[in-house]
Amino acid sequence: MLTLVILIVFVVVIGGVYVSWRAGRLDRLHNRVEAARTALDLALVRRSSAAYELASSGLLDPATSLLLADAVRRAKDAAPGERDLAESDLTRALRAAFGQPGFRDEIEAKESARELVADVESAAHQVFIARKFYNDVAARTIDARRRPLARVFRLSGNAPQPEFFEMDDELAGAGT
Amino acid sequence: MRIGIACPYSWDVPGGVQQHIRDLAEALIGMGHEVSVIAPADDDRPLPDYIVPAGKAMPVPYNGSVARLAFGPLSVSRVRRWLKDGGFDVLHVHEPAVPSLSLLACWVAAGPIVATVHTAMPRSRVLLAAQPVLRSALEKIDGRIAVSEAARTTLVEHLGGDAVLIPNGVATRRYRHAEPLDGWPGTGGAIGFLGRMEEPRKGLSVLLKAFEILAAERAGLRLLIAGPGDAGEQRHKLPEPLRDRAVFLGEVTEEEKVRVLHSVDVFCSPNTGGESFGIVTAEAMAAGVPIVASDIDAFRQLLRDGRAGELFAAGDAGDLAAAAARLLDDPARRAELSVAALAAVADYDWDVVAREVVSVYETVVMGRATVGVAQ
């Protein structure tokens, strides 16, 4: 009898510890999603600023400048639900500008232009990485939230379900 | 005069600005001027002699949609060479605030520049115009033309300065003669309509109701309808026995459009509003087809208060049926209106419009050197 009670208490305690560990893990995942999202937003803002610097430098022709400035402004003004589309459009505008025949030769000739283009490219690469990391942790969080135990004990509390951030962020192919 | 015209949009794609430039260039050439148009276009496509292709346009997101534009170093060097070789008396750029060849031409050129603005510019884009690089290009423009009051208003309000209003012309010659479609107009009478079917302001539903009234007494009367939209849905608005007597062609080419105009006894413009000029009605006038149109301001002006076409109360199917019946039953009246319409539309012909454009050219070139390349 006593052994049974001890066993039950033991199981309950172990179970409780396990559930609270799972809750803690989910909480950490949610925190990491938030951190990753902040990093992604920062990377996008940095890319926008770099593109705007280039557009307003006076080193490009006015048509290319205007295209880039328009895309930057649209990305900045986009409603939260349309951010992904607007940021993808900025990628496409950058790709079109950098992919123009003669663009690279022209840039090579001016040092300040070369630096500004390099800034855009490194910021764009950071967006690519930040988005990969964000979607990775978002996927793991979504998966953890779907587990039966997490659903039964409502382990995620009020934390909203993360959403993947899909966009065209491939600058490569430019210059060809 | 030697005139250089810059077109921002791809010549291979149909569009309002391209058509405007083509008609203007041909009218100017007809008047004895030398014209060269630089436009984004494929080099290997057959092009009119006056076109200088600036290379393929790139599809790129701009202003909320994807546009085919020409920009970048290669476009700049082609524009520069075109300006150097051209020795133009005047440079005429269209839509200079669009990031393409027109803006580049403004940037590169030195000398007399005329710009035509086609679309009303939203404020956000004008704010961008404050950018130094853009401003220095646009400040070189000596004379501005707006094709509509809306375009002129935005120009004046947001950029300051003034613009001359010169509306689009009608290439009347293109509409004058055409073969009717096979089997049209027939002997029972035929009424025609051109336009987007489901757009309520185009008024197709008013015409369909009037057709119901007219068809009850006229066994052979038919309807010929051309324009994009869902034909099945429109056909079902007619009672079953009449459905075979309405022919829907869907979207038609420019040549088919002219044939449609020559395939009917009466052309109907039932618009309930939203027209500032009425280009389709003007084209029908140029084809010499008798017209019955709603009495909205644009049509009242175009049809000389009813002297060049029958007017009916906008939106009133009964009144439309009565007006159409008067024309269908009276061949002499139709012939009279046809002559009156041809005479009235001559005022809007491109030859007239082009003469106004030339007077703008003459004003800006006075005492100036020819167009060159800025340093």
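The values are calculated or read from the model by the stated rules, or taken from the named source; none is laboratory data. Note that the coordinates shown come from a computational prediction; the quantities given were computed from them, not determined experimentally. So basically every Cβ, Gly included, is an ideal-geometry build from the backbone, and we count neighbours across all protein chains shown.
Here are the numbers:
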{"read-out": "Failed item, numbered, when B:Arg196 is tested on (1) under 27 Å from B:Val247 (Cα atoms); (2) free of Cβ contacts under 8 Å to residues at least 40 places away in the same chain; (3) part of a helix (DSSP H, G or I)", "value": "(3)"}
{"read-out": "Residue pairs meeting the criteria (Cβ under 6 Å; at least 6 apart or on separate chains; first more than 18 Å from B:Thr116 (Cβ to Cβ) and of a type in the set (Val, Ile, Thr), in the range B:130-142; second modelled with pLDDT of 85 or more and surrounded by fewer than 20 Cβ atoms within 10 Å (Cβ to Cβ))", "value": "B:Val133/A:Gly58"}
{"read-out": "Total residues in the range B:40-56, condition within 14 Å of chain A (Cβ to nearest Cβ) and either assigned to a helix (DSSP H, G or I) or buried (at least 20 other Cβ atoms within 10 Å of the Cβ) (or both)", "value": "2"}
{"read-out": "Tally, over the range A:45-78, of residues that are free of Cβ contacts under 8 Å to residues at least 24 places away in the same chain and within 9 Å of chain B (Cβ to nearest Cβ)", "value": "14"}
{"read-out": "Filtered residues of the range B:203-231 (kept if in a loop (DSSP other than H, G, I, E, B) and surrounded by 21 or more Cβ atoms within 10 Å (Cβ to Cβ))", "value": "B:Gly203, B:Leu221, B:Gly227"}
{"read-out": "Helices (runs of 4 or more DSSP H) within the range B:309-375 that include 1 or more residues free of Cβ contacts under 8 Å to residues at least 60 places away in the same chain, β-branched (Val, Ile, Thr) and in the same structural domain as B:Phe299 (by TED's automatic domain parsing)", "value": "B:331-345"}
{"read-out": "Scan of the range A:137-176 for residues that are of a type in the set (A, V, I, L, M, F, W, C) and in a helix (DSSP H, G or I), ordered by number", "value": "A:Val137, A:Ala138, A:Ala139, A:Ile142, A:Ala144, A:Leu149, A:Ala150, A:Val152"}
{"read-out": "Residue within the range A:88-99 that is free of Cβ contacts under 8 Å to residues at least 24 places away in the same chain, part of a helix (DSSP H, G or I) and either at the interface with chain B (Cβ under 10 Å from one of its Cβ atoms) or under 16 Å from the mean Cα position of the chain (by Cα) (or both) present", "value": "yes"}
{"read-out": "Any hit, the range A:118-134, residues being within 14 Å of chain B (Cβ to nearest Cβ), in a helix (DSSP H, G or I), farther than 30 Å from A:Val19 by Cβ and not aromatic (Phe, Trp, Tyr)", "value": "no"}
{"read-out": "Unmet requirement for B:Ile191, which otherwise passes all of (1) assigned to a helix (DSSP H, G or I); (2) in contact with a strand residue (DSSP E or B) (Cβ under 8 Å, 6 or more places away or on another chain)", "value": "(1)"}
{"read-out": "Complete set of residues in the range B:57-68 that are within 22 Å of B:Arg45 (Cα to Cα) and more than 7 Å from chain A (Cβ to nearest Cβ)", "value": "B:Ala57, B:Pro59, B:Ala67, B:Arg68"}
{"read-out": "Residue within the range B:92-107 that is among the small types (Gly, Ala, Ser), out of contact with any Lys or Arg (no Cβ under 6 Å at 6 or more places or on another chain) and either at positive phi or not assigned by TED's automatic domain parsing to the domain that holds B:Thr363 (or both) present", "value": "no"}
{"read-out": "Within the range B:22-38, considering residues that are more than 14 Å from every other protein chain (Cβ to nearest Cβ) and in contact with a Pro (Cβ under 9 Å, 6 or more places away or on another chain), the one surrounded by the fewest Cβ atoms within 10 Å (Cβ to Cβ)", "value": "B:Glu26"}
{"read-out": "Criterion: under 28 Å from B:Ser75 (Cα atoms), hydroxyl-bearing (Ser, Thr, Tyr) and buried (at least 22 other Cβ atoms within 10 Å of the Cβ) - qualifying residue of A:Ser49, A:Ser56, A:Ser65", "value": "A:Ser65"}
{"read-out": "Only listed residue being modelled with pLDDT of 95 or more and aliphatic (A, V, I, L, M), chosen from A:Ala78, A:Ala113, A:Ala96, A:Ala123", "value": "A:Ala123"}
{"read-out": "Residue check for A:Gly81: loosely packed, with under 15 Cβ neighbours inside 10 Å, away from chain B (no Cβ under 14 Å) and of a type outside the set (A, V, I, L, M, F, W, C)", "value": "yes"}
{"read-out": "From B:Ala67, B:Ala109, B:Ala41, B:Ala27, residue being touching a residue at least 40 places away in the same chain (Cβ under 8 Å), within 24 Å of the chain's Cα centre (by Cα) and over 22 Å from B:Ile166 (Cα atoms)", "value": "B:Ala67"}
{"read-out": "Some residue of the range A:31-40 being among the hydroxyl-bearing types (Ser, Thr, Tyr) and buried (at least 16 other Cβ atoms within 10 Å of the Cβ)", "value": "no"}
{"read-out": "Exclusive hit being surrounded by 24 or more Cβ atoms within 10 Å (Cβ to Cβ), within 26 Å of B:Ala150 (Cβ to Cβ), within 14 Å of chain A (Cβ to nearest Cβ) and at pLDDT 90 or above, set B:Ser75, B:Ser100", "value": "B:Ser100"}
